[in-house]
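A.B. asks: Let me give you the structure first, and then I'll get to my questions.
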Amino acid sequence: MPRIPVDLIYMQMAYQIAKLSYAKRRRVGCIIVKDTQIISTGYNGTPHQFENECEEIQTRLIENEGHQAILEEKGYDCESGCCSKEVTKRGYMIVVITNQGGMDKKRFDGEDVERIHTHIEKAFAENGSPISEIYYCPHHSDLQKCLCRKPDSLMVERALAKYNIDPSQSYFIGDKPRDIVCAEKAGVTGIKIDVNIVDLNILDKIKS
């Protein structure tokens, strides 16, 4: 029996993953592969409380083992755009705090991370809600100890100091319990959201 090409195996896996999608019209599954190693999987879907007719929605990845990747080449979901633009109007600056432990495990490198960050920064800037800075920790707790990886708060503290931010007037929005712990350590109000779901009601928790 001839050996099945590895590309075909990946496609078959993506097809099975697509069955997990909650999209109403077209289900899409994907596999992120680097040097023959699968580093992430994902499927598309619609943001919470929005219909599929939203034209700005592009492919979204569901988190897999703490490592995320961006597939789309343009646009991002409507709710994230609305929320980021509104908080900018209210006078808040946007700072991103993220763990990228996959770097420590050699699943991806700094260039991969920077490419994704550049994409995110461009999308937010085009939406009128620029990101002031992205802080990331390249370490993983399985391999080494550090003070920057969430739930520790060093990255948040650096942002507070650099931009002279009042922590009592700031919010940390995250989808992991460690995000909230990180916020509390830095004296910032933490807001827990579901993974890959941005509910516009979150704006009710942020002071105008």
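A.B. asks: Going through the range 161-177 one residue at a time, which ones are within 17 Å of V95 (Cβ to Cβ) and either part of a helix (DSSP H, G or I) or of a type in the set (D, E) (or both)?
C.D. replies: A161, K162, D166, P167, S168, Q169, D175
A.B. asks: Right, something else. Would you confirm whether any residue within the range 43-54 is of a type outside the set (K, R), in contact with a strand residue (DSSP E or B) (Cβ under 9 Å, 6 or more places away or on another chain) and either buried (at least 17 other Cβ atoms within 10 Å of the Cβ) or modelled with pLDDT of 65 or more (or both)? Spell out the reasoning first.
C.D. replies: Filtering the range 43-54 down to residues of a type outside the set (K, R) leaves 43-54.
Checking the rest, the ones that are also in contact with a strand residue (DSSP E or B) (Cβ under 9 Å, 6 or more places away or on another chain) come to 43-44.
Next, only the ones that are either buried (at least 17 other Cβ atoms within 10 Å of the Cβ) or modelled with pLDDT of 65 or more (or both) stay: 43-44.
There is at least one residue in the range 43-54 that is of a type outside the set (K, R), in contact with a strand residue (DSSP E or B) (Cβ under 9 Å, 6 or more places away or on another chain) and either buried (at least 17 other Cβ atoms within 10 Å of the Cβ) or modelled with pLDDT of 65 or more (or both).
A.B. asks: Which of the residues spanning the range 134-156 are within 23 Å of F124 (Cβ to Cβ) and among the charged types (D, E, K, R)?
C.D. replies: If the condition is that a residue be within 23 Å of F124 (Cβ to Cβ) and among the charged types (D, E, K, R), then K150 is the only one that fits.
A.B. asks: Checking E184 against (1) in a helix (DSSP H, G or I); (2) within 15 Å of T98 (Cβ to Cβ): exactly one of these is not met. Which one?
C.D. replies: Among (1) in a helix (DSSP H, G or I); (2) within 15 Å of T98 (Cβ to Cβ), E184 violates only (2).
A.B. asks: A further question follows. Of everything in the range 113-150, what is over 14 Å from the mean Cα position of the chain (by Cα), buried (at least 16 other Cβ atoms within 10 Å of the Cβ) and either farther than 20 Å from L160 by Cβ or of a type in the set (S, T, N, Q) (or both)? Give them in sequence order.
C.D. replies: If the condition is that a residue be over 14 Å from the mean Cα position of the chain (by Cα), buried (at least 16 other Cβ atoms within 10 Å of the Cβ) and either farther than 20 Å from L160 by Cβ or of a type in the set (S, T, N, Q) (or both), then N127, S129, P138, H139, H140 are the ones that fit.
A.B. asks: Can I ask one more? What residue, among those in the range 86-102 that are surrounded by 20 or more Cβ atoms within 10 Å (Cβ to Cβ) and not small (G, A, S), is nearest to K162 (Cα to Cα)?
C.D. replies: Once the filter is applied, the top-ranked residue is V95.
A.B. asks: Something else: So if I check each of E133, E121, which one is touching a residue at least 12 places away in the same chain (Cβ under 8 Å) and under 21 Å from I206 (Cα atoms)? If you could, list the steps in order and put the result at the bottom.
C.D. replies: Numbers: E121 fails: under 21 Å from I206 (Cα atoms).
Result: E133 is the single residue among E133, E121 that is touching a residue at least 12 places away in the same chain (Cβ under 8 Å) and under 21 Å from I206 (Cα atoms).
The values are calculated or read from the model by the stated rules, or taken from the named source; none is laboratory data. Owing to the predicted nature of the structure, the values given are computational and were not obtained by experimental measurement. So basically every Cβ, Gly included, is an ideal-geometry build from the backbone, and we count neighbours across all protein chains shown.
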